[in-house]
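In what follows, a single structure is set out as structure tokens and then discussed.
The values are calculated or read from the model by the stated rules, or taken from the named source; none is laboratory data. Keep in mind the model is a prediction, meaning the values are calculated, not measured. Please note: Cβ atoms are built from the backbone with ideal geometry, for glycine as well, and neighbour counts cover all protein chains shown.
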Amino acid sequence: MNQKNSKSINKNPTGFKRIPLATKHSVNGLIAAWKHESGFRQYATVSALLFPISFLLAQTSIHWLFLVGSLVFLLFSEIVNSAIEAVADATMPEYDPLIGRAKDLGSAAVFVALIFALIVWAIAIYEYFY
């Protein structure tokens, strides 16, 4: 086992010591998503533009939560899809049917989240104007 792999099996900190390290890794993940994933950049940009509009469209705090939650769900699904693709590409660069299925399932998750967001926002826009 090389030095790089041996580091990954070391026990991670527990308790409150874990929080700063977990936060650092989470921020690194968001930076990587922005830097390497055009889909994430597109959805994040659209989400940033729609976020202020959510305050105008929302009729209640629960309604606002659905509007913003649908955007967060979309970003979440894109991050998970990107993670699946990165692991798949790192472990099996050549075509494999199971890797292809995993990538397709990740893409389907993003598609479901996108359809959900479109429905939530379409209903909100309709209700605002009618």
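At a glance:
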{"quantity": "Hey, residue 44 on the phi < 0 side of the Ramachandran plot, touching a residue at least 12 places away in the same chain (Cβ under 8 Å) and of a type in the set (Gly, Ala, Ser) or not", "calculated": "yes"}
{"quantity": "Residues of the stretch 46-92 classified as surrounded by 12 or more Cβ atoms within 10 Å (Cβ to Cβ) and either touching a His at 6+ places or on another chain (Cβ under 6 Å) or among the aliphatic types (A, V, I, L, M) (or both), total", "calculated": "20"}
{"quantity": "Search result, residues across the stretch 29-45 that are among the aliphatic types (A, V, I, L, M) and loosely packed, with under 15 Cβ neighbours inside 10 Å", "calculated": "30, 31"}
{"quantity": "Hey, residue 95 loosely packed, with under 12 Cβ neighbours inside 10 Å, under 30 Å from residue 59 (Cα atoms), free of Cβ contacts under 8 Å to residues at least 40 places away in the same chain and not charged (D, E, K, R) or not", "calculated": "no"}
{"quantity": "Which listed residue is closer than 28 Å to residue 130 by Cα, in a helix (DSSP H, G or I), free of Cβ contacts under 8 Å to residues at least 40 places away in the same chain and of a type in the set (Val, Ile, Thr), from 72, 27", "calculated": "72"}
{"quantity": "Matching residues, the stretch 30-55, being in a helix (DSSP H, G or I) and among the charged types (D, E, K, R)", "calculated": "35, 41"}
{"quantity": "Some residue of the stretch 120-128 being under 26 Å from residue 58 (Cβ atoms), surrounded by fewer than 16 Cβ atoms within 10 Å (Cβ to Cβ) and touching a helix residue (DSSP H, G or I) at 6+ places or on another chain (Cβ under 6 Å)", "calculated": "yes"}
{"quantity": "Candidate set from the stretch 78-94 (those that are farther than 21 Å from residue 111 by Cα and of a type in the set (A, V, I, L, M)); member that is modelled with the lowest pLDDT", "calculated": "92"}
